[in-house]
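The values are calculated or read from the model by the stated rules, or taken from the named source; none is laboratory data. Keep in mind that this is a model prediction, so the values were computed, not measured. For neighbour counting, all protein chains shown are included, and Cβ atoms are generated from backbone atoms with ideal geometry for every residue, glycine included. For accessibility, only protein heavy atoms count, side chains too; no ligands or nucleic acids. Shrake-Rupley method; radii C 1.70, N 1.55, O 1.52, S 1.80 Å.
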Amino acid sequence: MLGLRRVPYPLLRPARVVRRGIGASKYKYLGTWPTAGACLLHQYSSMTLKQGGFVGSLDCGTTSVRFIVFDQYADIVAQHQIEFPQYYPHPGWHEHDADEIQTASETCIDEAMKDLEAEGWARDSVKVIGITNQRETAVAWDRKTGKPLCKAIVWDDARTKTTVAHFKHKLRTEGIEVEPGVFKKGEEGVDAVAKISGLPISTYFSAIKMCWMIDNYPEVKKAHEEDSLLFGTVESWIVYNLLGGVQNPTHITEVTNASRTLLMDIDTLSWSTPLLKFFGLRPSILPKIVSSSEVYGHVHHGALKGVPIGGLVGDQQGALVGNKCLKKGEAKCTYGTGAFLLFCTGAEPVKSVNGLLTTVGYQAGKNAKPVYALEGSIAVAGSAIKWLRDSMGIIKSASDVNTLAAQQPSSSGVYFVTAFSGLLAPYWDPGAGGLIIGLTSYTTPSHIARATLEANAFQTRAVIESMKLDSKVDLKHLKVDGGMTNGDVAMQILADLGGFGVVRPEMRESTALGSALLAGSAIRLFGWDIEKPETLDHVNTRGSRTFEPAMKEEDRERMWHGWQKAVERSKGWDEAPDE
């Protein structure tokens, strides 16, 4: 027998070797190896970093930033996450510090690369990165200094109600000039804006936020007048900085984010002159519109210096791609702070007449045709659970809402309309007020918890009912992701009240995965090609679970009728004055 000795360094080996082979991505320290034969595996030790092929995704969300490194199967190899501060200076206001988001982003990248090396991989194993972001959040900075001019206004901020009222009044009285000398007023004006952009005039979209900034911040107004203002959504700001900032000014925005500004022509994918003139914005403040999948440049500094940035996408469209809903008729819903349901409509935009948004789903390259989607946006989803925890003290952790809700078989007639900042799709009522109705002396915290989860399901159903009418397609299954989907009780309530199957994958970082797939596709890493969905067949295929409806149809419809009554009572509570 060969002499045995212990090797003094820790070894790495695949945590799963079945079907992974050499491309294994999940490695873990196994401690010391008891035989001299292990010396042959010295190449796998932490002392000799291995070369691999991975794709990174920088996910810039509403409350945190994270950088995730994926392998070709969507297994997570390394990751790091940082929460950043939220600012609420006045009721209905929600702000971010753009510099804090940028700092958190770069720190996440650096720390994730350290984790990657700790797992035994060289950092240049990351071949390309993608970026996904909270979409309608508006950032204003100065082209001379590269510094923000004010705090960013977050997508769910409701301060711009009066600005919305002003532009609605302008549509009624002056109209929008759709062609030189041709104005559309009143309902024709409303329809003209929707026809061009796919969107209604709402507090939700970033052009409205930019107009508010110009009207209320002297420094932003001055920069606009002096033509030194740069406007963008979060991905535009992050890319600007990662590619070098003022040293290498690259002012771009990705098409799905541009489609959420109220300034882009949904058919031509270019900035709309009529809309810019209507809102009084200079074209020079706007970034260049680029596709969702192409090499935009290379990281200027930091742990990934020299690595190409190959994918950009708004977070909800990122989840659409990450869930591989790439064909007409496929749909997903992401349940995070808010909830966002996207239904893929294919190569042609479907103009909604039932309160939905027409948006770009993704564009797979510079010369690729866009794929469109219908979207229903729900302002409050996970944030209602956070409210139960932080403001009301009903639960100690977010996951407790499922345990508490499960203590009662029903909400016993209690409805919670979670209109903390008005209602989005399909109601579009910025003046709606949040309410809990149906309370009796029998009501307990368990009923409130269950009503909170039911509110999420009811609002999802309201969006899907509108999608059925617009698309003429009956949805059978809904793919889901996001923090709320971790709760089995929440998902069963969604299936019961929605009347459709709910498909939940095991790996639910779909938003980050979407930008990774787009980035990988840009350089054909692993043979991925977004325009050929079959090349993604082996991505994120394990462990999905389907929740099927178990509620009687008559009970479902009775509760649906009650929800509609509750919504009607919440509408118009806080009307903004017309100007």
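Things worth noting here:
- Taking a ≥ b ≥ c as the square roots of the eigenvalues of the alpha carbon gyration tensor, the range 337-413 is prolate, as a/c is not under 1.5 and a/b beats b/c.
- Helix axis angle, 445-471 relative to the chain longest principal axis, alpha carbon, degrees: 80 degrees
- Surface composition of the range 251-299: carbon plus sulfur atoms contribute 53% of the solvent-accessible area (1.4 Å probe, protein chains only, all chains present).
- Taking the square roots of five times each eigenvalue of the Cα gyration tensor of the chain, the equivalent ellipsoid has semi-axes of 40, 31, 22 Å, listed largest first.
- Placing unit charges on the Cβ atoms only, positive for Lys and Arg and negative for Asp and Glu, gives the range 497-579 a dipole magnitude near 440 debye about its Cα centre.
- Alpha carbon centroid spacing (whole Å) that separates the range 349-427 from the range 236-277: 26 Å
- Taking a ≥ b ≥ c as the square roots of the eigenvalues of the alpha-carbon gyration tensor, the range 195-288 is classed oblate because a/c is 1.5 or more while a/b is no larger than b/c.
- Under the Karplus curve 6.51 cos²θ - 1.76 cosθ + 1.60, θ = phi - 60°, whole-Hz ³J(HN,Hα) for the range 94-101, x wherever Gly or Pro sits: 8, 10, 10, 9, 4, 5, 5, 5
- Remark on Thr253: its backbone amide H falls under 5 Å from those of Lys288, Ile289, Val290, a criterion applied only to residues 5 or more positions apart or on other chains, H modelled at 1.01 Å from N.
- Degrees between helix 161-173 axis and first principal axis of the chain (Cα, 0 to 90, nearest 10): 50 degrees
- Simple Cβ-charge dipole of the chain, Lys/Arg +1 and Asp/Glu -1, about Cα centre, in debye nearest 20: 1460 debye
- Test item: Cα-centred dipole of the range 83-155, Lys/Arg +1 and Asp/Glu -1 on Cβ, debye: 420 debye
- Loop-located trypsin sites (Lys or Arg not before Pro) across the range 250-328 with a Cβ neighbour count of 14 or fewer within 10 Å are Lys305, Lys327, with loop assigned by DSSP.
- Relative intensity, log₁₀ I(q)/I(0), of the range 458-522 from a Debye sum that treats every alpha carbon as a point, q = 0.13, 0.18 Å⁻¹: -0.45, -0.77
- Computed accessible area, Glu95, all protein chains, 1.4 angstrom probe, square angstrom: 20 Å²
- Radius of gyration and maximum dimension Dmax of the range 226-370, Cα, Å: 16.0, 48
- FRET efficiency estimate (nearest 0.05) - Cβ-Cβ, Thr546 to Ser64, R0 35 angstrom: 0.75
- The phi torsions of the range 415-422, fed into the Karplus equation with coefficients 6.51, -1.76 and 1.60 and a -60° offset, translate into couplings of 10, 10, 8, 8, 8, 5, 9, x Hz, rounded to whole numbers, with Gly and Pro shown as x.
- Largest-first principal axis extents, alpha carbons of the range 44-153, Å: 54, 31, 22
- Helix 186-197 vs. the chain, principal-axis angle (Cα, 0 to 90°, nearest 10): 10 degrees
- In the context of the full set of protein chains, residues of the range 375-449 present 41 Å² of accessible surface per residue (probe radius 1.4 Å, heavy atoms only).
- Candidate lysines for bridging to Lys147, where Cα separation is under 28 Å - those fewer than 8 sequence places away on the same chain excluded: Lys161, Lys209, Lys221, Lys222, Lys277, Lys288, Lys305
- In angstrom, the C-alpha Rg and Dmax of the range 444-565 are 17.4, 55.
- Extreme residue, positive dipole direction of the range 423-571, given options Trp428, Thr444, Gly482 (C-beta unit charges): Thr444
- Loop GluC sites (Glu not before Pro), the range 111-204, which have at most 15 other Cβ atoms in a 10 Å radius of their Cβ (DSSP): Glu174
- Each principal axis of the Cα cloud of the range 381-494 was taken in turn, and the coordinate range along them, longest first, works out to 42, 32, 24 Å.
- For the range 154-159, the Karplus equation 6.51 cos²θ - 1.76 cosθ + 1.60, evaluated at θ = phi - 60°, returns couplings of 6, 3, 8, 5, 10, 5 Hz by residue, with Gly and Pro reported as x.
- When only alpha carbons are used to place a centre, the range 289-340 and the range 523-579 end up 19 Å from one another.
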